[in-house]
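Report on one structure; see the data block that follows.
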Amino acid sequence: MKTLGSWGRYPYSPQQPIPCHWRQQVAEQGLAWRDCQAVGLPYGNGRSYGDSCLASSDQVLYMRPLARFIEADWQQGLVTVEAGMTLGELLQCSIAKGWFLPVTPGTRLATVGGAIANDVHGKNHHVQGTFGRHVDGIELVRTDLGLVQCSPTAHAELFNATLGGLGLTGVIVAATLRLRRIASSKIRLQQIRFDNLREYFAISRELDIRHEYNVAWVDCLAPLSQIGRGVFLAGDHHDQAPCKPRPVTTVRIPITPPIPLFNQLTLRALNSLYFRCKGTRPERLQDYDAFFYPLDRLLEWNRIYGPWGFQQYQCVIPHGDAEEAVGELLATIRRHNEGSFLAVLKNCGDMPSPGLLSFPMPGVSLALDFPQRGERTRKLFLILDHIVRDAGGRLYPAKDAHMSGDDFRAAYPAWERLENLRDPALLSQFWQRVTLQ
Amino acid sequence: MNNILIIGGTSAIATACARLWAEQHSRFMLVGRNAEKLQQTAADLQARGATEVQTHILDLDDLDGHAAMLERTQQLLQRIDIALVAHGSLPDQPMCERDPDYAVRAFTSNGLNVIALLTRLGNLMEVQGGGSIAVISSVAGERGRPSNYLYGSAKAAVSVFCSGLRARLFKSNVHLLTIKPGFVDTPMTQGLALPGLLLAQPDRVARDILSALQKRRLTLYTPWFWAPIMAVIKSIPEFAFKRLSL
Ligand SMILES: Cc1cc2nc3c(=O)[nH]c(=O)nc-3n(C[C@H](O)[C@H](O)[C@H](O)COP(=O)(O)OP(=O)(O)OC[C@H]3O[C@@H](n4cnc5c(N)ncnc54)[C@H](O)[C@@H]3O)c2cc1C
Ligand SMILES: NC(=O)c1ccc[n+]([C@@H]2O[C@H](COP(=O)([O-])OP(=O)(O)OC[C@H]3O[C@@H](n4cnc5c(N)ncnc54)[C@H](OP(=O)(O)O)[C@@H]3O)[C@@H](O)[C@H]2O)c1
């Protein structure tokens, strides 16, 4: 098998995969690690950007081939699946039966195990909270305890720590998920243009109570005077048939170009074009995949950033100072001329997650990509981190390759509880970086 | 709805095919040697929409067990619309060179037991007077390479046997598809260092197999680029080929 990496291709650290095809292999590998005092890490489909899916030993348990249904009750919408199944594979079966994921990230190529380990959130965080809230049970394999069936009522502490547990509390072999009913695979979409952040916050306050899915794209290359302009998308599941899974049609970027295909010129042109095409538009219907997973159509699009890779910066800022802090972040990025294409703004609601280290908190989340440019990127991130820290916000480990140990430990005070529950044979480069340095 | 018999029902390639058939609400008989793996595969297909999944435990090297297995299949499925023969294992080539007993066993596992099975299955389908048999052979059976010529020669035997059987069964309206995959990312190839660009995922291969069955194709190279690759490899004269260490 080929070596594996993280989505941002930064840090570059090729991972040796040990593929898992059958559930019983997980325990066997765990024992092997324990017996020779080696460490490893479970790896899903590598859709995390930074180093949280990279093992400190560069040896990962590749879970992706484990993609079977174990049990499915299509009457109740309750499914138990192996952890390597992607969200897309699950939807491919469930949609035809009238069920959708209660929470989905912006890619359907994440695995169920990965979605739990990062306790991912979607555009409906204000309604449904995080992925972990819809998990009824987890089959966990630990190198010290063997197989543990955990749930909100059995081994609850371990269960909660595993939601957003970054793959450190044991290997998730299977999970039971509660799906949500849908009548249609189409999304009713409303699109509203806004010219600045003030307008964004006003629209968001008004529409969050009316729509399940809300997200906004912000043009971060707009002239400084227009910073904060963007497009707000509000969506809901349509209420009329058909309920049909959509074939996954994709175009693959076959090779990594020797230099990044994006530079400030091409990006600015793209962004302007995007905003010219995306004004306010009347309500319309869109297929679920176009609405939730626009980026999945271009397989391995991360390659366009070239051999040096890229980083995503995602933070959440609590409501109080959100408008000011987000404005400052966008202006700083604009002044440094570094940000790429589009930034994503999302509201996080106040629904708590049972997970110990879940990222969302009530506030606004901002995410955008930066081509990796060494020192320049590092310096910019120092300034951004400062703004986030002052506003009481925090960064998302699933996207992170840079945050300081101090920032992490201050923002995620429960980290020590996770460390106490960590499987001694599992360790990621991320965890090493933020807890040991 | 199809009635489908899969020999080597826990193989990754066969499972990928079965998942597509399950979506079309097929009925299955899965044959394999590992009860636990069969059960896990059956549960998966059931959840994906299969109307019925039966399993039968059999090591295909046990040639005497073939008849009972086929009899039970006929009882349970009545008619077999598609039979997919997918079992196989990659022998340790250096071991084949040292140990003739091992070599013969490896040849049996990948060649002779397929021939034995197809003999009975062919007769059954002939009497039934219709349906398709799909046999997974390999591009490795097209030319002997020093790195795996035992496996290659067993697959060559399977391919030639299939072409003869096809011509015979054709008269009874039974279709036979010989499948020649290149490198596929499955447990069988796990330990090998294969060139990433040529390595296909099982679901890709499965889609090719289903479409070839539908079109009643005779031979399938999957992914398609193996047809030109093999054309080139077959055209190299033996005196030059022997110097290439492939
Ligand atoms: C285009 C794009 C859009 C995205 N949008 C969002 C979004 O809207 N919201 C959001 O929250 N995230 C989003 N993400 C991030 C992504 O959802 C998460 O990083 C997710 O965890 C990736 O899943 P994976 O299966 O690829 O896991 P990997 O990246 O392979 O691993 C992630 C973590 O999970 C652990 N892990 C994986 N499998 C297991 C297992 N079986 N048992 C235990 N631990 C395991 C790993 O050790 C690692 O710590 C997006 C990513 C992309 C590329
Ligand atoms: N992968 C490739 O690159 C490739 C290329 C060309 C052709 N092929 C062929 O494709 C077919 C499927 O293989 P795969 O790639 O899907 O690998 P796989 O997942 O390892 O499947 C092989 C299956 O055959 C079963 N099997 C082997 N010998 C058996 C026996 N004597 N009795 C019962 N079952 C037996 C194995 O069962 P256990 O799990 O119990 O061992 C396993 O389920 C094979 O015929 C293989 O030769 C594969």
Task: Approximate spin-label separation B:GLU238-A:ARG409, in nm, with each point projected 7 Å along Cα-to-Cβ - done: 7.3
Task: Footprinting exposure proxy for B:LYS37, A:LYS123 (fewest neighbouring C-beta atoms within 10 Å first) - done: B:LYS37, A:LYS123
- [ ] Output ³J(HN,Hα) for the stretch A:237-245: one whole-Hz value per residue in order, computed from phi by the Karplus curve 6.51 cos²θ - 1.76 cosθ + 1.60 with θ = phi - 60°, and x for Gly and Pro.
- [x] 5, 5, 10, 10, 3, x, 10, 10, x
Open item on the list: What FRET efficiency comes out for A:ALA202 versus A:LEU145 if R0 is 56 angstrom and r is the Cβ-Cβ distance? Round to the nearest 0.05.
Closed with: 0.65
Task: Label point at B:SER89 placed 7 Å out along Cα→Cβ; residues across the stretch B:48-70 whose backbone nitrogen lies under 12 Å - done: B:59-62
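Quick one: pull the percentage of alpha-carbon pairs in the protein assembly as shown with a separation above 34 Å. Walk me through the numbers before you get to the answer.
Numbers: 116774 of 232903 pairs.
That tail contains 50 percent of the Cα-Cα pairs.
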- [ ] Estimate the FRET efficiency between B:GLU23 and A:ARG178 by the formula 1/(1 + (r/R0)^6), using the beta-carbon distance for r and 25 Å for R0, to the nearest 0.05.
- [x] 0.65
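Chymotrypsin sites (Phe, Trp or Tyr not before Pro) within the stretch B:8-106: which are DSSP loop residues with at most 12 other Cβ atoms inside 10 Å? Can you show the working numbers first?
Working: sites: B:TRP21, B:PHE28, B:TYR102; in loops: none.
Hits after loop and neighbour filter: nothing returned.
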Task: the stretch A:1-60 versus the stretch B:106-141: alpha-carbon centroid distance in Å - done: 39
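Exposure proxy check: A:THR3, B:THR41 ranked by fewest other beta carbons within 10 Å? Before the final figure, lay out each step's value.
On the way: A:THR3 12, B:THR41 26.
Neighbour counts put them in this order, fewest first: A:THR3, B:THR41.
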TODO: Starting from the exponent 0.38 and prefactor 2.2 Å, build the expected Rg for the stretch B:3-242 from its residue count and divide its actual Cα Rg by it.
DONE: 0.98
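With 16 Å as the cut-off, how large is the P(r) tail for the stretch A:329-435, expressed as percent of Cα-Cα pairs? Walk me through the intermediate numbers first.
Numbers: 3609 of 5671 pairs.
Within the stretch A:329-435, distances greater than 16 Å cover 64 percent of Cα pairs.
With +1 on the Cβ of every Lys and Arg and -1 on the Cβ of every Asp and Glu, and nothing else charged, how large is the dipole of chain A about its Cα centre, in debye rounded to the nearest 20? Present the calculation step by step, with values, prior to reporting the outcome.
Numbers: 46 positive and 42 negative charges, 272 e Å.
Dipole about the Cα centre, nearest 20: 1300 debye.
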TODO: Find the eigenvalues of the gyration tensor of the Cα atoms of the stretch B:123-246, then list the square roots of 5 times those eigenvalues as equivalent ellipsoid semi-axes, largest first, in whole angstrom.
DONE: 28, 18, 12
Task: Exposure proxy order (Cβ contacts within 10 Å, fewest to most) of A:HIS121, A:HIS386, A:HIS238 - done: A:HIS386, A:HIS238, A:HIS121
Task: Label-to-label distance, nm, for residues given as A:ARG373 and B:ASN173 (7 Å Cα→Cβ offset) - done: 7.0
Task: Whole-Å distance, taken between Cα centres, linking the stretch B:165-231 and the stretch A:69-139 - done: 33
Open item on the list: Residues of the stretch A:164-179 with the amide nitrogen closer than 18 Å to a label point 7 Å from the Cα of A:ALA32, along Cα-to-Cβ, please.
Closed with: A:171-173
Open item on the list: What distance in nm separates the two pseudo spin-label positions at A:ARG246 and B:ARG105, each 7 Å out from Cα along the beta-carbon direction?
Closed with: 5.3
TODO: For chain B, build the charge dipole from Cβ charges (+1 Lys, Arg; -1 Asp, Glu) around the Cα centre, then report which of B:MET188, B:ILE7, B:PHE225 sits farthest towards its positive end.
DONE: B:PHE225
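Hey, what number do you get for chain A at 222 nm if only DSSP H runs of n ≥ 4 count, each worth -39500 (n - 2.57), divided across all residues, to the nearest 500? If you can, show how the numbers build up before the last one.
Numbers: 13 runs with 121 residues, N = 437.
Dividing the helical sum by the residues of chain A leaves -8000 deg cm²/dmol.
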TODO: Using a Gaussian network model of chain B whose springs link C-alpha atoms within less than 10 Å, name the residue from B:GLN24, B:GLN190, B:GLN74 with the highest mean-square fluctuation.
DONE: B:GLN190
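Mind checking the mean number of beta-carbon atoms from other chains within 10 Å of the Cβ atoms in B:193-200?
Working: counts 2, 2, 1, 3, 3, 0, 2, 0.
The mean count of partner-chain Cβ atoms within 10 Å per residue comes to 2.
Within 10 Å of each candidate Cβ there may be at most 13 other Cβ atoms; applying that plus a DSSP loop requirement, which GluC sites (Glu not before Pro) in the stretch B:96-169 survive?
Values: sites: B:GLU97, B:GLU126, B:GLU142; in loops: none.
Sparse-neighbourhood loop GluC sites (Glu not before Pro): none present.
Considering every residue in A:290-299, what mean count of other chain Cβ atoms within 10 Å of its Cβ is obtained?
On the way: counts 0, 0, 0, 0, 0, 0, 0, 0, 0, 0.
Shielding by partners across A:290-299 averages 0.
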Open item on the list: Which one, A:LEU384, A:HIS336, A:PRO397, is farthest towards the positive end of the dipole of the stretch A:292-437 when Lys and Arg carry +1 and Asp and Glu -1 on their Cβ?
Closed with: A:HIS336
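No value in this document is a laboratory result; all are computed from the given coordinates. Bear in mind the structure is a predicted one, so any value in this text is a computation, not a measurement. With ideal geometry, Cβ positions are generated from the backbone for all residues, glycine too; neighbour counts draw on all protein chains shown.
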